[in-house]
Amino acid sequence: MSAIRRKFGEDYQVVNTNRGMTFSAPVKRKRQRFVEKNGRCNVQHGNLGGETSRYISDLFTTLVDLKWRWNLLIFILTYTVAWLVMASMWWVIAYIRGDLSHGGHDSSYTPCVANVYNFPSAFLFFIETEATIGYGYRYITEKCPEGIILFLFQSLLGSIVDAFLIGCMFIKMSQPKKRAETLMFSQDAVISQRDGKLCLMFRVGNLRNSHMVSAQIRCKLIKSRQTPEGEFLPLDQCELDVGFGTGADQLFLVSPLTICHEINTKSPFFDLSQRSLMNEQFEIVVILEGIVETTGMTCQARTSYTEDEVLWGHRFLPVMSLEEGFFRVDYSQFHNTFEVPTPPYSVKEQEEKSSLNSPNPLPAAPTPNSPPLGNGGRGGRRERLLSADCADHIEDQGHRLPSKLQRMSSTKEEHFRRVLRSGTALPGEKASSTGDLPLSIQRLRSSSIPAARQAQPEEQVQLLALDGDPEEEEVEKHRLPSALSLIAAPTPTSVQIPLAGGRPEDNLPPKLRRMNADR
(Lines give C-alpha, C1' and ligand atoms only; values in the text may rest on other atoms or scores of the structure.)
Protein backbone atom coordinates (compact mmCIF):
# COMPACT_ATOMS: atom_id res chain seq x y z
CA MET A 1 0.00 0.00 0.00
CA SER A 2 2.80 2.41 0.82
CA ALA A 3 4.46 1.67 -2.51
CA ILE A 4 1.26 2.47 -4.35
CA ARG A 5 0.88 5.75 -2.48
CA ARG A 6 4.47 6.72 -3.24
CA LYS A 7 3.85 6.00 -6.93
CA PHE A 8 0.47 7.63 -7.38
CA GLY A 9 0.45 10.19 -4.57
CA GLU A 10 -1.61 10.66 -1.44
CA ASP A 11 -4.69 11.87 -3.36
CA TYR A 12 -5.33 8.46 -4.90
CA GLN A 13 -7.45 5.94 -3.06
CA VAL A 14 -7.41 2.18 -3.58
CA VAL A 15 -10.85 0.61 -3.74
CA ASN A 16 -11.82 -3.04 -4.07
CA THR A 17 -14.60 -4.00 -6.51
CA ASN A 18 -15.81 -7.21 -8.10
CA ARG A 19 -13.70 -6.53 -11.16
CA GLY A 20 -10.51 -6.43 -9.17
CA MET A 21 -8.26 -3.74 -7.83
CA THR A 22 -8.60 -0.37 -9.53
CA PHE A 23 -7.55 3.17 -8.80
CA SER A 24 -10.03 5.99 -8.43
CA ALA A 25 -9.62 9.48 -9.82
CA PRO A 26 -7.61 11.99 -7.75
CA VAL A 27 -9.62 13.81 -5.14
CA LYS A 28 -9.59 17.50 -5.98
CA ARG A 29 -10.24 20.29 -3.59
CA LYS A 30 -13.36 22.29 -4.16
CA ARG A 31 -12.14 25.46 -5.75
CA GLN A 32 -13.82 28.83 -5.91
CA ARG A 33 -16.38 29.26 -8.66
CA PHE A 34 -16.76 32.39 -10.74
CA VAL A 35 -20.52 31.83 -11.17
CA GLU A 36 -22.50 29.71 -8.76
CA LYS A 37 -24.87 27.00 -9.90
CA ASN A 38 -27.84 29.25 -9.11
CA GLY A 39 -26.43 31.98 -11.36
CA ARG A 40 -25.05 34.32 -8.70
CA CYS A 41 -21.75 35.89 -9.67
CA ASN A 42 -19.22 35.32 -6.92
CA VAL A 43 -17.53 38.72 -7.24
CA GLN A 44 -17.24 41.43 -4.58
CA HIS A 45 -16.13 45.01 -5.21
CA GLY A 46 -13.81 46.52 -2.63
CA ASN A 47 -11.64 49.60 -2.03
CA LEU A 48 -13.96 51.85 -3.99
CA GLY A 49 -12.73 54.97 -2.19
CA GLY A 50 -14.62 58.02 -3.35
CA GLU A 51 -16.58 56.05 -5.94
CA THR A 52 -19.29 55.17 -3.41
CA SER A 53 -21.03 58.45 -4.18
CA ARG A 54 -22.06 56.96 -7.52
CA TYR A 55 -24.46 54.67 -5.68
CA ILE A 56 -26.20 57.68 -4.10
CA SER A 57 -26.56 59.40 -7.48
CA ASP A 58 -28.56 56.38 -8.70
CA LEU A 59 -30.55 55.90 -5.51
CA PHE A 60 -33.56 54.21 -7.10
CA THR A 61 -31.47 51.43 -8.72
CA THR A 62 -29.52 51.08 -5.49
CA LEU A 63 -32.72 50.47 -3.52
CA VAL A 64 -34.01 48.00 -6.10
CA ASP A 65 -30.75 46.04 -6.02
CA LEU A 66 -30.83 45.71 -2.24
CA LYS A 67 -32.05 42.57 -0.60
CA TRP A 68 -35.59 42.30 0.58
CA ARG A 69 -34.79 42.68 4.28
CA TRP A 70 -33.00 45.93 3.68
CA ASN A 71 -35.80 47.18 1.46
CA LEU A 72 -38.41 46.46 4.12
CA LEU A 73 -36.29 48.13 6.78
CA ILE A 74 -35.87 51.26 4.66
CA PHE A 75 -39.57 51.25 3.82
CA ILE A 76 -40.64 51.10 7.48
CA LEU A 77 -38.04 53.58 8.71
CA THR A 78 -38.86 56.13 6.00
CA TYR A 79 -42.56 56.23 6.83
CA THR A 80 -41.96 56.18 10.59
CA VAL A 81 -39.46 59.03 10.47
CA ALA A 82 -41.69 61.07 8.15
CA TRP A 83 -44.69 60.62 10.37
CA LEU A 84 -42.79 61.53 13.53
CA VAL A 85 -41.21 64.58 11.94
CA MET A 86 -44.49 65.91 10.58
CA ALA A 87 -46.33 65.19 13.88
CA SER A 88 -43.59 67.09 15.71
CA MET A 89 -44.07 70.08 13.44
CA TRP A 90 -47.78 70.16 14.16
CA TRP A 91 -47.05 69.92 17.90
CA VAL A 92 -44.55 72.80 17.66
CA ILE A 93 -47.14 75.03 15.96
CA ALA A 94 -49.67 74.22 18.67
CA TYR A 95 -47.10 74.91 21.37
CA ILE A 96 -46.04 78.25 19.88
CA ARG A 97 -49.62 79.47 19.51
CA GLY A 98 -50.48 78.39 23.06
CA ASP A 99 -53.04 75.81 22.06
CA LEU A 100 -51.62 73.34 24.56
CA SER A 101 -52.26 75.68 27.55
CA HIS A 102 -55.94 75.86 26.79
CA GLY A 103 -56.89 72.37 27.78
CA GLY A 104 -60.60 72.64 27.13
CA HIS A 105 -60.66 75.05 24.18
CA ASP A 106 -63.75 77.02 25.11
CA SER A 107 -66.02 78.44 22.49
CA SER A 108 -64.43 81.89 22.62
CA TYR A 109 -60.94 80.56 21.67
CA THR A 110 -60.06 79.42 18.13
CA PRO A 111 -56.96 77.15 18.02
CA CYS A 112 -54.81 76.30 14.97
CA VAL A 113 -55.92 72.67 15.02
CA ALA A 114 -59.01 71.77 16.92
CA ASN A 115 -58.74 69.14 19.65
CA VAL A 116 -54.91 68.94 19.60
CA TYR A 117 -53.74 69.12 23.21
CA ASN A 118 -50.47 67.17 23.26
CA PHE A 119 -48.06 65.21 21.01
CA PRO A 120 -50.19 62.05 20.67
CA SER A 121 -53.12 64.13 19.52
CA ALA A 122 -50.85 65.93 17.05
CA PHE A 123 -49.57 62.55 15.74
CA LEU A 124 -53.10 61.27 15.29
CA PHE A 125 -54.03 64.42 13.38
CA PHE A 126 -51.11 63.90 11.00
CA ILE A 127 -52.03 60.23 10.40
CA GLU A 128 -55.67 61.12 9.72
CA THR A 129 -54.58 63.82 7.29
CA GLU A 130 -51.89 61.73 5.53
CA ALA A 131 -54.06 58.64 5.16
CA THR A 132 -57.15 60.76 4.32
CA ILE A 133 -59.11 58.94 6.99
CA GLY A 134 -61.04 62.04 8.06
CA TYR A 135 -62.66 61.16 11.36
CA GLY A 136 -63.88 64.75 11.66
CA TYR A 137 -62.91 65.31 15.27
CA ARG A 138 -59.54 67.05 14.62
CA TYR A 139 -59.35 69.63 11.86
CA ILE A 140 -57.38 72.75 10.91
CA THR A 141 -59.00 76.17 11.24
CA GLU A 142 -58.82 79.28 9.09
CA LYS A 143 -57.13 81.30 11.86
CA CYS A 144 -53.77 79.46 11.35
CA PRO A 145 -51.93 80.48 8.17
CA GLU A 146 -48.76 78.62 9.22
CA GLY A 147 -50.84 75.48 9.66
CA ILE A 148 -52.20 75.85 6.10
CA ILE A 149 -48.66 76.12 4.71
CA LEU A 150 -47.56 73.06 6.68
CA PHE A 151 -50.58 71.15 5.42
CA LEU A 152 -49.60 71.84 1.79
CA PHE A 153 -46.02 70.78 2.46
CA GLN A 154 -47.24 67.61 4.12
CA SER A 155 -49.39 66.69 1.12
CA LEU A 156 -46.51 67.18 -1.35
CA LEU A 157 -43.98 65.34 0.78
CA GLY A 158 -46.36 62.44 1.38
CA SER A 159 -47.01 62.03 -2.35
CA ILE A 160 -43.27 61.98 -3.12
CA VAL A 161 -42.49 59.43 -0.41
CA ASP A 162 -45.37 57.21 -1.49
CA ALA A 163 -44.39 57.30 -5.13
CA PHE A 164 -40.73 56.58 -4.38
CA LEU A 165 -41.13 53.75 -1.89
CA ILE A 166 -44.19 52.10 -3.39
CA GLY A 167 -42.66 52.27 -6.87
CA CYS A 168 -39.43 50.76 -5.57
CA MET A 169 -41.30 47.91 -3.93
CA PHE A 170 -43.40 47.30 -7.05
CA ILE A 171 -40.35 47.16 -9.33
CA LYS A 172 -38.59 44.79 -6.97
CA MET A 173 -41.61 42.50 -6.75
CA SER A 174 -42.09 42.45 -10.53
CA GLN A 175 -38.46 41.67 -11.32
CA PRO A 176 -38.14 38.56 -13.55
CA LYS A 177 -35.36 37.11 -11.40
CA LYS A 178 -37.76 34.62 -9.89
CA ARG A 179 -38.80 33.59 -13.39
CA ALA A 180 -35.29 32.20 -13.75
CA GLU A 181 -36.05 29.81 -10.91
CA THR A 182 -38.32 27.85 -13.26
CA LEU A 183 -35.59 27.56 -15.93
CA MET A 184 -33.56 24.42 -15.35
CA PHE A 185 -30.03 23.47 -16.33
CA SER A 186 -28.55 20.00 -16.08
CA GLN A 187 -26.25 19.37 -13.15
CA ASP A 188 -23.45 18.11 -15.40
CA ALA A 189 -22.23 18.63 -18.93
CA VAL A 190 -21.20 15.69 -21.10
CA ILE A 191 -18.71 15.07 -23.89
CA SER A 192 -19.59 12.42 -26.48
CA GLN A 193 -19.93 11.97 -30.21
CA ARG A 194 -22.90 13.28 -32.16
CA ASP A 195 -23.13 12.86 -35.93
CA GLY A 196 -19.56 11.55 -35.96
CA LYS A 197 -18.17 14.65 -34.23
CA LEU A 198 -16.99 15.13 -30.66
CA CYS A 199 -19.32 17.58 -28.89
CA LEU A 200 -19.76 19.23 -25.50
CA MET A 201 -23.44 19.10 -24.49
CA PHE A 202 -25.71 20.22 -21.65
CA ARG A 203 -29.47 20.38 -21.19
CA VAL A 204 -31.91 23.23 -20.51
CA GLY A 205 -35.60 23.10 -19.67
CA ASN A 206 -38.62 25.30 -18.89
CA LEU A 207 -40.91 24.24 -16.05
CA ARG A 208 -43.72 26.70 -16.87
CA ASN A 209 -46.28 26.46 -19.63
CA SER A 210 -45.68 30.11 -20.51
CA HIS A 211 -43.03 30.43 -23.17
CA MET A 212 -39.79 32.38 -23.27
CA VAL A 213 -40.06 34.66 -26.28
CA SER A 214 -36.88 35.10 -28.36
CA ALA A 215 -34.89 32.78 -26.12
CA GLN A 216 -31.16 32.85 -26.86
CA ILE A 217 -28.31 30.99 -25.22
CA ARG A 218 -24.62 31.87 -24.98
CA CYS A 219 -21.59 30.15 -23.45
CA LYS A 220 -18.38 31.60 -22.06
CA LEU A 221 -15.22 29.72 -21.16
CA ILE A 222 -13.54 31.19 -18.08
CA LYS A 223 -9.90 30.15 -17.90
CA SER A 224 -6.70 31.84 -16.83
CA ARG A 225 -3.91 31.90 -19.39
CA GLN A 226 -0.59 33.50 -20.18
CA THR A 227 0.14 35.28 -23.44
CA PRO A 228 3.33 34.65 -25.48
CA GLU A 229 4.52 38.06 -24.27
CA GLY A 230 4.38 36.87 -20.67
CA GLU A 231 1.20 38.69 -19.63
CA PHE A 232 -1.00 36.72 -17.24
CA LEU A 233 -4.75 37.02 -17.88
CA PRO A 234 -6.76 35.82 -14.88
CA LEU A 235 -10.25 34.57 -15.66
CA ASP A 236 -9.93 35.21 -19.39
CA GLN A 237 -13.26 34.89 -21.20
CA CYS A 238 -13.56 32.99 -24.47
CA GLU A 239 -16.72 32.49 -26.51
CA LEU A 240 -18.00 28.97 -27.15
CA ASP A 241 -19.92 28.51 -30.38
CA VAL A 242 -23.29 26.86 -29.72
CA GLY A 243 -24.74 27.48 -33.18
CA PHE A 244 -24.41 31.22 -33.69
CA GLY A 245 -23.72 30.81 -37.41
CA THR A 246 -26.50 28.27 -37.99
CA GLY A 247 -29.15 29.82 -35.71
CA ALA A 248 -29.11 26.91 -33.27
CA ASP A 249 -28.62 29.37 -30.40
CA GLN A 250 -32.18 30.66 -30.95
CA LEU A 251 -34.30 28.33 -28.83
CA PHE A 252 -37.96 27.32 -28.97
CA LEU A 253 -38.02 26.32 -25.33
CA VAL A 254 -41.28 24.43 -24.89
CA SER A 255 -39.54 21.15 -23.97
CA PRO A 256 -36.06 20.27 -22.68
CA LEU A 257 -33.35 20.87 -25.25
CA THR A 258 -29.78 19.64 -25.45
CA ILE A 259 -27.35 22.42 -26.36
CA CYS A 260 -24.36 21.22 -28.39
CA HIS A 261 -20.92 22.76 -28.87
CA GLU A 262 -18.94 21.09 -31.64
CA ILE A 263 -15.27 20.58 -30.79
CA ASN A 264 -13.26 21.43 -33.89
CA THR A 265 -10.15 23.38 -34.83
CA LYS A 266 -11.78 26.67 -33.78
CA SER A 267 -12.89 25.35 -30.40
CA PRO A 268 -10.78 26.01 -27.27
CA PHE A 269 -11.25 22.30 -26.46
CA PHE A 270 -9.48 21.21 -29.65
CA ASP A 271 -6.64 19.52 -27.72
CA LEU A 272 -8.76 18.35 -24.76
CA SER A 273 -8.68 14.61 -24.11
CA GLN A 274 -10.06 12.43 -21.35
CA ARG A 275 -6.70 12.34 -19.60
CA SER A 276 -6.02 16.08 -19.88
CA LEU A 277 -9.53 16.84 -18.59
CA MET A 278 -8.46 15.64 -15.14
CA ASN A 279 -5.66 18.22 -15.02
CA GLU A 280 -7.49 21.18 -16.52
CA GLN A 281 -9.00 24.09 -14.60
CA PHE A 282 -11.76 25.98 -16.35
CA GLU A 283 -15.37 27.02 -15.93
CA ILE A 284 -18.11 27.15 -18.55
CA VAL A 285 -20.68 29.88 -17.91
CA VAL A 286 -24.06 29.40 -19.60
CA ILE A 287 -26.35 32.42 -20.10
CA LEU A 288 -29.97 32.00 -21.20
CA GLU A 289 -31.88 35.16 -22.11
CA GLY A 290 -35.47 35.68 -23.19
CA ILE A 291 -38.61 37.76 -22.79
CA VAL A 292 -41.20 36.63 -20.28
CA GLU A 293 -44.43 36.09 -22.18
CA THR A 294 -46.73 37.26 -19.38
CA THR A 295 -44.92 40.47 -18.36
CA GLY A 296 -42.86 41.34 -21.44
CA MET A 297 -39.74 41.85 -19.32
CA THR A 298 -36.34 40.43 -20.19
CA CYS A 299 -35.23 37.50 -18.06
CA GLN A 300 -31.74 36.03 -17.75
CA ALA A 301 -30.81 32.70 -16.20
CA ARG A 302 -27.22 31.65 -15.56
CA THR A 303 -25.30 28.62 -14.41
CA SER A 304 -21.78 27.22 -14.73
CA TYR A 305 -19.91 23.94 -15.15
CA THR A 306 -16.43 23.31 -13.80
CA GLU A 307 -14.06 20.66 -15.10
CA ASP A 308 -15.31 18.28 -12.39
CA GLU A 309 -18.85 18.59 -13.75
CA VAL A 310 -17.92 17.63 -17.33
CA LEU A 311 -18.43 13.89 -17.88
CA TRP A 312 -16.44 12.27 -20.70
CA GLY A 313 -18.22 9.56 -22.66
CA HIS A 314 -21.73 10.19 -21.31
CA ARG A 315 -25.08 11.05 -22.86
CA PHE A 316 -28.34 12.37 -21.42
CA LEU A 317 -31.28 10.07 -20.92
CA PRO A 318 -34.37 10.87 -23.04
CA VAL A 319 -37.16 12.61 -21.14
CA MET A 320 -39.82 12.94 -23.86
CA SER A 321 -42.52 10.33 -24.34
CA LEU A 322 -45.63 10.22 -26.48
CA GLU A 323 -48.88 9.85 -24.55
CA GLU A 324 -52.41 9.74 -25.82
CA GLY A 325 -52.93 13.11 -27.44
CA PHE A 326 -49.89 14.92 -26.00
CA PHE A 327 -46.16 14.71 -25.25
CA ARG A 328 -45.04 14.09 -21.71
CA VAL A 329 -41.80 15.34 -20.15
CA ASP A 330 -40.35 13.29 -17.30
CA TYR A 331 -38.21 15.72 -15.31
CA SER A 332 -37.11 12.97 -12.96
CA GLN A 333 -34.64 11.90 -15.69
CA PHE A 334 -33.58 15.44 -16.53
CA HIS A 335 -30.13 15.24 -14.90
CA ASN A 336 -29.43 11.53 -15.49
CA THR A 337 -26.79 10.36 -17.96
CA PHE A 338 -25.47 7.02 -19.21
CA GLU A 339 -22.11 5.97 -20.61
CA VAL A 340 -21.54 5.56 -24.34
CA PRO A 341 -18.42 4.43 -26.27
CA THR A 342 -16.33 7.54 -26.86
CA PRO A 343 -12.68 7.77 -27.99
CA PRO A 344 -10.53 9.04 -25.11
CA TYR A 345 -8.42 11.09 -27.50
CA SER A 346 -8.74 14.73 -28.37
CA VAL A 347 -9.86 15.94 -31.78
CA LYS A 348 -6.33 17.07 -32.49
CA GLU A 349 -4.93 13.62 -31.77
CA GLN A 350 -7.62 11.96 -33.87
CA GLU A 351 -6.82 14.17 -36.85
CA GLU A 352 -3.12 13.45 -36.50
CA LYS A 353 -3.76 9.69 -36.40
CA SER A 354 -6.04 9.84 -39.41
CA SER A 355 -3.44 11.79 -41.37
CA LEU A 356 -0.76 9.22 -40.49
CA ASN A 357 -2.96 6.25 -41.41
CA SER A 358 -4.04 7.72 -44.74
CA PRO A 359 -2.01 6.46 -47.80
CA ASN A 360 0.47 8.75 -49.51
CA PRO A 361 -1.04 10.61 -52.44
CA LEU A 362 0.00 9.39 -55.86
CA PRO A 363 2.23 11.68 -57.99
CA ALA A 364 0.21 13.89 -60.23
CA ALA A 365 0.19 12.87 -63.88
CA PRO A 366 1.30 15.45 -66.45
CA THR A 367 -1.50 17.39 -67.98
CA PRO A 368 -2.27 16.86 -71.67
CA ASN A 369 -1.24 20.40 -72.50
CA SER A 370 2.18 20.06 -70.87
CA PRO A 371 4.73 18.00 -72.94
CA PRO A 372 6.41 15.02 -71.21
CA LEU A 373 9.90 15.40 -69.88
CA GLY A 374 12.89 13.53 -71.36
CA ASN A 375 13.98 12.65 -74.90
CA GLY A 376 10.52 11.45 -75.83
CA GLY A 377 9.19 14.96 -75.47
CA ARG A 378 11.95 16.44 -77.61
CA GLY A 379 11.46 13.76 -80.26
CA GLY A 380 7.74 14.42 -80.34
CA ARG A 381 8.38 18.09 -80.85
CA ARG A 382 10.69 17.34 -83.75
CA GLU A 383 7.99 15.31 -85.44
CA ARG A 384 5.53 18.16 -85.37
CA LEU A 385 5.82 19.78 -88.78
CA LEU A 386 2.94 22.20 -88.33
CA SER A 387 2.74 24.72 -85.49
CA ALA A 388 0.04 27.17 -84.50
CA ASP A 389 2.09 30.21 -85.44
CA CYS A 390 2.92 28.79 -88.85
CA ALA A 391 -0.69 27.85 -89.37
CA ASP A 392 -1.87 31.38 -88.65
CA HIS A 393 0.71 32.75 -91.05
CA ILE A 394 -0.35 30.32 -93.75
CA GLU A 395 -4.02 31.13 -93.28
CA ASP A 396 -3.30 34.84 -93.68
CA GLN A 397 -1.42 34.16 -96.88
CA GLY A 398 -4.28 32.02 -98.21
CA HIS A 399 -6.78 34.79 -97.66
CA ARG A 400 -4.60 37.20 -99.65
CA LEU A 401 -4.92 35.05 -102.80
CA PRO A 402 -7.33 36.05 -105.59
CA SER A 403 -10.85 34.76 -105.39
CA LYS A 404 -10.45 32.51 -108.44
CA LEU A 405 -7.28 30.99 -107.00
CA GLN A 406 -8.97 30.47 -103.65
CA ARG A 407 -11.80 28.54 -105.36
CA MET A 408 -9.29 26.39 -107.18
CA SER A 409 -7.41 25.79 -103.92
CA SER A 410 -10.59 24.70 -102.18
CA THR A 411 -11.29 22.27 -105.06
CA LYS A 412 -7.80 20.87 -104.68
CA GLU A 413 -8.35 20.50 -100.91
CA GLU A 414 -11.50 18.44 -101.45
CA HIS A 415 -9.72 16.26 -103.98
CA PHE A 416 -6.76 15.78 -101.64
CA ARG A 417 -9.13 14.88 -98.79
CA ARG A 418 -10.61 12.05 -100.84
CA VAL A 419 -7.15 10.81 -101.63
CA LEU A 420 -6.17 10.76 -97.95
CA ARG A 421 -9.31 8.84 -97.05
CA SER A 422 -8.75 6.22 -99.76
CA GLY A 423 -5.10 5.75 -98.72
CA THR A 424 -3.91 5.45 -102.40
CA ALA A 425 -1.76 7.71 -104.48
CA LEU A 426 -3.11 9.86 -107.28
CA PRO A 427 -2.92 8.34 -110.76
CA GLY A 428 0.10 9.69 -112.59
CA GLU A 429 3.09 11.69 -111.52
CA LYS A 430 1.29 14.99 -111.69
CA ALA A 431 -1.51 13.87 -109.46
CA SER A 432 0.89 13.07 -106.65
CA SER A 433 3.11 16.11 -107.00
CA THR A 434 3.05 19.19 -104.86
CA GLY A 435 1.58 21.10 -107.70
CA ASP A 436 -1.77 19.50 -106.99
CA LEU A 437 -1.77 20.81 -103.41
CA PRO A 438 -3.17 24.19 -102.56
CA LEU A 439 -0.78 27.09 -102.77
CA SER A 440 -0.89 27.74 -99.01
CA ILE A 441 0.17 24.12 -98.32
CA GLN A 442 2.90 24.34 -100.94
CA ARG A 443 4.36 27.40 -99.25
CA LEU A 444 4.10 25.67 -95.90
CA ARG A 445 5.99 22.71 -97.32
CA SER A 446 8.66 24.91 -98.83
CA SER A 447 9.09 26.87 -95.57
CA SER A 448 9.15 23.72 -93.42
CA ILE A 449 11.86 21.86 -95.37
CA PRO A 450 15.38 23.22 -94.93
CA ALA A 451 17.01 24.87 -97.89
CA ALA A 452 19.67 22.21 -98.14
CA ARG A 453 17.06 19.51 -98.57
CA GLN A 454 14.83 21.48 -100.97
CA ALA A 455 17.49 21.14 -103.66
CA GLN A 456 16.94 17.36 -103.81
CA PRO A 457 14.03 16.85 -106.27
CA GLU A 458 13.60 13.21 -105.47
CA GLU A 459 13.16 13.71 -101.71
CA GLN A 460 9.75 12.97 -100.32
CA VAL A 461 7.82 14.91 -97.72
CA GLN A 462 6.34 12.72 -95.02
CA LEU A 463 3.28 14.07 -93.27
CA LEU A 464 3.28 12.65 -89.76
CA ALA A 465 0.41 12.62 -87.34
CA LEU A 466 0.66 14.78 -84.24
CA ASP A 467 1.98 12.78 -81.32
CA GLY A 468 0.49 12.90 -77.85
CA ASP A 469 -2.89 12.18 -76.38
CA PRO A 470 -6.13 12.31 -78.32
CA GLU A 471 -7.19 15.36 -76.34
CA GLU A 472 -4.00 17.17 -77.37
CA GLU A 473 -4.65 16.26 -80.98
CA GLU A 474 -8.14 17.70 -80.81
CA VAL A 475 -6.74 20.93 -79.33
CA GLU A 476 -4.17 21.19 -82.13
CA LYS A 477 -6.86 20.57 -84.75
CA HIS A 478 -8.94 23.44 -83.45
CA ARG A 479 -5.94 25.74 -83.48
CA LEU A 480 -5.05 24.95 -87.13
CA PRO A 481 -7.04 26.10 -90.17
CA SER A 482 -9.41 23.72 -91.88
CA ALA A 483 -6.98 22.90 -94.67
CA LEU A 484 -4.16 22.10 -92.24
CA SER A 485 -6.29 20.11 -89.86
CA LEU A 486 -6.79 17.50 -92.56
CA ILE A 487 -3.07 16.96 -92.80
CA ALA A 488 -2.61 17.02 -89.00
CA ALA A 489 -5.24 14.31 -88.49
CA PRO A 490 -3.73 10.94 -87.53
CA THR A 491 -3.89 8.36 -90.34
CA PRO A 492 -2.91 4.71 -90.23
CA THR A 493 -0.33 5.21 -93.02
CA SER A 494 1.80 8.19 -93.91
CA VAL A 495 1.28 9.93 -97.23
CA GLN A 496 4.37 10.44 -99.35
CA ILE A 497 4.36 13.12 -102.05
CA PRO A 498 7.26 13.04 -104.50
CA LEU A 499 8.65 16.32 -105.75
CA ALA A 500 8.40 16.87 -109.45
CA GLY A 501 10.65 19.88 -109.69
CA GLY A 502 12.89 22.18 -107.70
CA ARG A 503 10.31 24.97 -107.37
CA PRO A 504 6.65 24.46 -106.48
CA GLU A 505 5.56 27.25 -108.89
CA ASP A 506 6.85 25.27 -111.84
CA ASN A 507 4.07 22.70 -111.44
CA LEU A 508 1.31 25.35 -111.74
CA PRO A 509 -0.47 25.94 -115.04
CA PRO A 510 0.85 28.85 -117.12
CA LYS A 511 -2.19 30.99 -116.40
CA LEU A 512 -1.80 30.60 -112.67
CA ARG A 513 1.91 31.29 -112.85
CA ARG A 514 1.19 34.57 -114.65
CA MET A 515 -1.40 35.54 -112.05
CA ASN A 516 1.04 34.75 -109.31
CA ALA A 517 3.76 36.80 -110.98
CA ASP A 518 1.39 39.76 -111.31
CA ARG A 519 0.70 39.59 -107.53
- Task: Quick one: what are the phi-derived ³J(HN,Hα) couplings along the range 57-71, Karplus 6.51/-1.76/1.60 with θ = phi - 60°, whole Hz, x for glycine and proline?
- Result: 5, 10, 5, 4, 5, 4, 5, 5, 6, 5, 6, 4, 5, 6, 5
- Note on the structure: Simple spin-label estimate for Asp271/Ile74, 7 Å along Cα→Cβ, in nm, reads 5.0 nm
- Note on the structure: The alpha-carbon pair-distance distribution computed for the range 177-236, with 5 angstrom bins and whole-percent values, is 4, 11, 15, 15, 15, 15, 13, 7, 4, 1, 0
- For peptides 169-178, 348-357, 264-273, 109-118, sequence by mean Cβ density within 10 Å, most packed first: 109-118, 264-273, 169-178, 348-357
- Amide proton proximity set for Cys299, modelled H, under 5 Å, gap of 5+: Gly290, Ile291, Val292
- Probe 1.4 Å, heavy atoms of protein chains only: per residue, the accessible area of the range 126-279 in Å² is 59 Å²
- Note on the structure: With T = 25 °C, eta = 0.890 mPa s and Kirkwood Rh from C-alpha pairs, the Stokes-Einstein D of the range 160-285 in µm²/s is about 139 µm²/s
- Query: What residues qualify as long-range amide H neighbours of His314, i.e. H under 5 Å apart, gap of 5 or more or another chain, H built at 1.01 Å from N?
  - Reply: Ile191, Val340
- For Ser108 and Val85, what is the calculated FRET efficiency with R₀ set at 35 Å and r taken between the beta-carbons, to the nearest 0.05? 0.60
- Could you please report the charge total around Phe232, scoring K, R as +1 and D, E as -1 over all other residues with beta-carbon less than 14 angstrom from its beta-carbon? -1
- From highest to lowest solvent-accessible area (probe 1.4 Å; ligands, DNA and RNA excluded), Ser210, Ser57 read Ser57, Ser210
- Item | Per-residue ³J(HN,Hα) for the range 341-348, Karplus 6.51 cos²θ - 1.76 cosθ + 1.60, θ = phi - 60°, Hz, x for Gly and Pro | x, 9, x, x, 9, 6, 5, 5
- Query: So which trypsin sites (Lys or Arg not before Pro) in the range 61-132 are both in a DSSP loop and have at most 14 other Cβ atoms within 10 Å of their Cβ?
  - Reply: Lys67
- Nonlocal amide H pairs with His211, under 5 Å, H built at 1.01 Å: Glu293
- Projected onto the charge dipole of the range 139-192 (+1 at Lys/Arg Cβ, -1 at Asp/Glu Cβ, origin at the Cα centre), which of Met169, Phe153, Gln187 gives the Cα projection farthest towards the positive end? Gln187
- Note on the structure: With 0.36 nm assigned to each residue of separation and the Cα-Cα distance removed, Lys143 to Ser355 gains 66.1 nm
- Hydrodynamic radius (Kirkwood) for the range 42-97, which is based on Cα pairs only, to one decimal in Å: 14.4 Å
- Note on the structure: Whole-Hz Karplus couplings 3J(HN,Hα) for the range 296-313, θ = phi - 60° and coefficients 6.51, -1.76, 1.60, Gly and Pro as x, run x, 9, 7, 10, 9, 10, 10, 7, 8, 10, 8, 5, 6, 9, 9, 9, 7, x
- Message: So for the range 217-256, considering every pair of alpha-carbon atoms, how many percent are separated by more than 12 Å?
- Response: 68 percent
- Looking at the range 299-333, which chymotrypsin sites (Phe, Trp or Tyr not before Pro) are in a loop (DSSP not H, G, I, E or B) and have at most 16 other Cβ atoms within 10 Å? Phe326
- Task: Within the range 39-98, list the chymotrypsin sites (Phe, Trp or Tyr not before Pro) lying in a DSSP loop whose Cβ has at most 12 other Cβ atoms in a 10 Å radius.
- Result: none
- Task: Please give the FRET efficiency for Cys41 paired with Thr227, using the beta carbon to beta carbon distance and R0 = 41 Å, rounded to the nearest 0.05.
- Result: 0.95
- Query: In square angstrom, rounded to the nearest 10, how much accessible surface does Thr246 have for a 1.4 Å probe?
  - Reply: 120 Å²
- Surface per residue (accessible, 1.4 Å probe) for the range 280-358, Å²: 58 Å²
- Message: As a test question: what accessible area, to the nearest 10 Å², does Thr295 have when a 1.4 Å probe is rolled over all protein chains in place?
- Response: 90 Å²
- Item | Extension reserve of the Phe327-Tyr135 stretch, reckoned as 0.36 nm per residue once the Cα distance is removed | 63.0 nm
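The values are calculated or read from the model by the stated rules, or taken from the named source; none is laboratory data. Here the structure is a predicted model, which means the values were calculated and not measured. Note that we place each Cβ from the backbone using ideal geometry, even for glycine, and neighbour counts take in every protein chain shown. Just the protein is used for accessible areas: all its heavy atoms, side chains included, with ligands, DNA and RNA removed. Shrake-Rupley method; radii C 1.70, N 1.55, O 1.52, S 1.80 Å.
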